[in-house]
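Report on the following structure.
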Amino acid sequence: MSLLAAWTHDLDPCALHAFGRCLVRWYGLSYVLGFAAAWFLVREMTRRGRTRIDDPAKAADLIFAAAIGAVAGGRLGYVVLYDPELLWTFDASPPWWGLFMINRGGMASHGGIAGVIVAAWWFARREKIGFFHATDLVALAAPAGLFFGRLANFINGELLGRVVAAPGEPAPWWAVRYPQELLTGHAPDLTVEQQVELARIADEIAPTADTAYAKLAALIDAVQRGAPGVAERLAPLLAARHPSQLYQAAAEGLILGAILWIAWARTRVVGVAGGLFVLVYGALRVATEHWRLPDDHLAAPEPLGLSRGQWYSLAMIVAGAILLWRALRRNERVEAPKAGADDQAAPAS
């Protein structure tokens with residue numbers, strides 16, 4: 001068995017520990033890195049006269065607005081598209097409203113994209129640079145954030161891939177074993193002997209835990225903290241899976257980014273990058289979701305065997321094709337603001 005296949009996922013989702021607590025998580029850090037990269041890209045494009053923004057410093061305004069749109073849209077999108085029950089879920093303890101309970105479902109990339117589009121509309125209206133030009137800018141910057149976000153998904157051991165080898169069976173060289181599967185509805189069936197061994201390891205790690213869930217959570221935490229020998233003992237009890245998070249990092253970050261930047265460099269046509277983003281992102285999501293499992297409460301088969309995320313992505317392909325056709329038909333070129341004409345409005349898209 002290869003090194004990767006033999007390796008049990010033991011990455012710590014916490015980037016910085018202090019005073020017995022996690023101060024910084026890789027997931028939060030991925031947002032910071034993604035928005036920082038986006039700001040740098042838009043600022044450099046503006047500084048070199050390749051956008052309609054009249055001041056490179058305003059790149060920060062666009063990215064700040066996009067950050068708010070991505071976070072708000074991502075959360076609201078998850079709730080509306082995948083778990084609408086959270087809209088009317090209220091608890092007596094903070095954060096009270098299910099919409100803010102990020103431990104239940106997290107974010108949805110489709111909603112985040114919608115939020116960024118709203119942010120681009122606001123910035124375009126304020127700066128009078130044209131809506132489709134603003135969407136081009138955020139589209140060119142977005143793959144960096146998507147790349148870091150998918151890497152954070154991998155570090156967290158979430159959004160698991162499909163099984164390629166059952167527990168205890170030889171696995172392909174590219175497969176990964178995730179302890180996190182033990183707390184999901186996607187855990188594979190174990191033999192009686194394997195169940196007994198799992199219970200034995202969990203009892204050793206957390207002898208005072210009063211529930212099976214608490215024992216398994218403590219077991220996963222021990223793996224992530226690098227407790228000696230725990231990962232090795234647990235490996236034969238875990239399925240080997242596609243590292244779907246890495247597939248999507250490569251697709252949504254590297255491949256999508258390369259396509260957008262090449263198209264932008266060759267055409268400079270307003271709307272091409274935005275239309276291509278919607279179309280290509282949707283196509284890549286349809287493809288990569290083949291190796292990714294849906295959330296537990298979405299495991300029921302969808303029409304034609306496609307997941308709900310794939311259906312949303314198919315809609316994006318249609319919308320992207322329409323936007324791309326529109327952009328190419330108009331063939332409107334980007335022109336940077338002329339020196340001394342900061343108050344002139346650029347042509348609206």
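Look at (1) at pLDDT below 95; (2) farther than 29 Å from D83 by Cβ; (3) surrounded by fewer than 20 Cβ atoms within 10 Å (Cβ to Cβ) and you find that W264 fails only one, number (3).
Of all residues in segment 97-137, those satisfying the criterion of being within 16 Å of the chain's Cα centre (by Cα) and not in a loop (DSSP other than H, G, I, E, B) are S109, H110, G111, G112, I113, A114, G115, V116.
Quick one: is S307 hydroxyl-bearing (S, T, Y) and either modelled with pLDDT of 90 or more or in contact with a Pro (Cβ under 6 Å, 6 or more places away or on another chain) (or both)? Taking the combined requirement at face value, the residue satisfies it.
Within segment 38-60, being in a helix (DSSP H, G or I) and surrounded by fewer than 18 Cβ atoms within 10 Å (Cβ to Cβ) holds for F40, E44, R47, P56, A57, A60.
Among residues of segment 180-196 being touching a strand residue (DSSP E or B) at 6+ places or on another chain (Cβ under 9 Å) and part of a loop (DSSP other than H, G, I, E, B), the one that is modelled with the lowest pLDDT is H186. You will find that of F100, F147, F154, F131, the residue that is surrounded by fewer than 20 Cβ atoms within 10 Å (Cβ to Cβ), aromatic (F, W, Y) and closer than 21 Å to W26 by Cα is F100 and no other.
Contact map, segment 131-145: first residue aromatic (F, W, Y), second residue part of a helix (DSSP H, G or I) and surrounded by fewer than 24 Cβ atoms within 10 Å (Cβ to Cβ), Cβ cut-off under 6 Å, separation 6 or more or different chains; pairs are F131/W121; F131/A124. The set of residues in segment 230-247 being of a type in the set (A, V, I, L, M, F, W, C) and not in a helix (DSSP H, G or I) consists of L238, A239, A240. Taking the numbered list (1) over 18 Å from F64 (Cβ atoms); (2) surrounded by 21 or more Cβ atoms within 10 Å (Cβ to Cβ) in turn, L137 passes all entries but (1). Apart from one condition, A315 fits all of (1) assigned to a helix (DSSP H, G or I); (2) surrounded by 15 or more Cβ atoms within 10 Å (Cβ to Cβ); (3) in contact with a Gly (Cβ under 8 Å, 6 or more places away or on another chain); the exception is (2). For G320, the criteria (1) modelled with pLDDT under 95; (2) assigned by TED's automatic domain parsing to the domain that holds V138; (3) within 29 Å of M45 (Cα to Cα) hold in every case but one, which is (1).
From A250, A258, A227, A217, grab the single residue that is assigned to a helix (DSSP H, G or I), surrounded by fewer than 22 Cβ atoms within 10 Å (Cβ to Cβ) and at pLDDT below 95. Before you say what the answer is, go through the steps one by one.
Numbers: A250 fails: at pLDDT below 95; A258 fails: at pLDDT below 95; A227 fails: assigned to a helix (DSSP H, G or I).
A217 is the lone residue from the list that is assigned to a helix (DSSP H, G or I), surrounded by fewer than 22 Cβ atoms within 10 Å (Cβ to Cβ) and at pLDDT below 95.
Consider segment 180-198 and keep the residues that are more than 29 Å from the chain's Cα centre (by Cα) and over 14 Å from A235 (Cα atoms). The one that is surrounded by the fewest Cβ atoms within 10 Å (Cβ to Cβ) is V192. All but one of (1) outside any helix (DSSP H, G or I); (2) buried (at least 18 other Cβ atoms within 10 Å of the Cβ); (3) small (G, A, S) hold for A142; which doesn't? The number of the failed condition is (1).
The values are calculated or read from the model by the stated rules, or taken from the named source; none is laboratory data. The shown structure was predicted, so the numbers you read here are calculated from the model rather than taken from an experiment. Methodologically, a virtual Cβ is constructed for each residue, glycine included, from the backbone with ideal geometry; neighbour enumeration extends over all protein chains shown.
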